[in-house]
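The values are calculated or read from the model by the stated rules, or taken from the named source; none is laboratory data. All values derive from a computational prediction rather than experimental measurement. Quick reminder, even Gly has a Cβ in these numbers, built from the backbone with ideal geometry, and neighbours come from all protein chains shown.
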Amino acid sequence: MIAADTTVARLLDEHPQLLEFLAGYHAHFEKLRDPLLRRVMAPRVTIAEAAGIAGVDPGDLLAALRRAAGEPAVPAPATVPAPAEAGAMPPALAAIPESRRVHVDVRDDIRRGHEPFARIMAAVNDLDADAALVLRAPFEPVPLYDVLGKRGLAHWTERRAPDDFTVWFYRSAPTPIPGATAGRATPPVRTLTLDVRGLEPPLPMVLVLERLETLAPDEEMEVVHERRPMFLYPQLDERGFAHRTDEPEPGVVRIVIRRGAA
């Protein structure tokens, strides 16, 4: 049975014909036709969250999906549970001065139908260890909690209005260096280089993920790119890979990837 907490990925796995239905239901869902965006976002977003992102009533969307799938009608309008009220701001967050708070407002992006994920991840990648990202959005960005949590970022959420949320992402404790072990010599590492410059998306990400499947513990992959691959980073986090990015020269981005510490 399709429910409000069913992920979009599970929905489309069980009812692939609903992809075109969703694309026609609201312009925002047309993005699901993009295999790359579908692969990255669909496993994290529930139907209720997708409704909030698109600005449609979750009960209406759920009822429409059930009708399209031939399931029993929803007996009463489905609602999304209200977010828990924010308590006092955590001390670690309150100690961060305004000068170290990076504000990113994606409300207009979403209203215009633009995907804000790349913009958010760019801000996260540039975030200093003693700074906080202050994200303003028209819905609670629940999928980001897990993605950024794997990067060592805690979060604190304020609900200003039903369509206005501010989420603070910050480091509540020092972030360990992946693979670092005190008092132990670092074993030699063999570097494999993969140059994906000039390739059309999503081929660069597909090639990187395929090569990483056979990466040995004593190996690292150096990916040479022409831009920061924002959709690749959460895929690496989910798979347990440590990574760092630098730009050795204009127009050249280098991502070094290793298996995370056991």
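If the requirement is being crowded, with 19+ Cβ neighbours inside 10 Å, of a type outside the set (Ser, Thr, Tyr), over 30 Å from Arg171 (Cα atoms) and at pLDDT below 75, which of these qualifies: Ala73, Ala78?
Working: Ala73 fails: crowded, with 19+ Cβ neighbours inside 10 Å.
Criteria check complete, one pass: Ala78.
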Problem set entry | Residues located in the range 111-130, provided they are over 21 Å from Leu236 (Cβ atoms) and in contact with a Phe, Trp or Tyr (Cβ under 8 Å, 6 or more places away or on another chain) | none
Exercise. In the range 96-152, which residues are among the hydroxyl-bearing types (Ser, Thr, Tyr) and touching a strand residue (DSSP E or B) at 6+ places or on another chain (Cβ under 8 Å)?
Worked result: Tyr145
Exercise. Which residues, taken from the range 219-259, are part of a loop (DSSP other than H, G, I, E, B), under 25 Å from Leu144 (Cα atoms) and without any contact (Cβ under 8 Å) to a residue 60 or more places away in the chain?
Worked result: Arg227, Pro229, Arg239, Gly240
Problem set entry | Yes/no for Leu199 being assigned by TED's automatic domain parsing to the domain that holds Met221 and either closer than 19 Å to Leu232 by Cβ or modelled with pLDDT of 90 or more (or both) | yes
Exercise. Would it be correct to say that Gly59 is of a type outside the set (S, T, N, Q), surrounded by 15 or more Cβ atoms within 10 Å (Cβ to Cβ) and at pLDDT below 85?
Worked result: no
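Being assigned by TED's automatic domain parsing to the domain that holds Asp163, β-branched (Val, Ile, Thr), in a helix (DSSP H, G or I) and at pLDDT below 85, is that true of even one residue in the range 35-54?
Step one: list which residues in the range 35-54 are assigned by TED's automatic domain parsing to the domain that holds Asp163, which gives none.
Taking every residue of the range 35-54 in turn, none turns out to be assigned by TED's automatic domain parsing to the domain that holds Asp163, β-branched (Val, Ile, Thr), in a helix (DSSP H, G or I) and at pLDDT below 85.
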Exercise. Is it true that some residue in the range 197-218 is in a strand (DSSP E or B), of a type in the set (A, V, I, L, M, F, W, C) and surrounded by 16 or more Cβ atoms within 10 Å (Cβ to Cβ)?
Worked result: no
For this session: Give Ala180, Ala118, Ala154 a once-over and let me know the one that is at pLDDT 90 or above and either of a type in the set (D, E, K, R) or surrounded by fewer than 18 Cβ atoms within 10 Å (Cβ to Cβ) (or both).
Result: Ala154
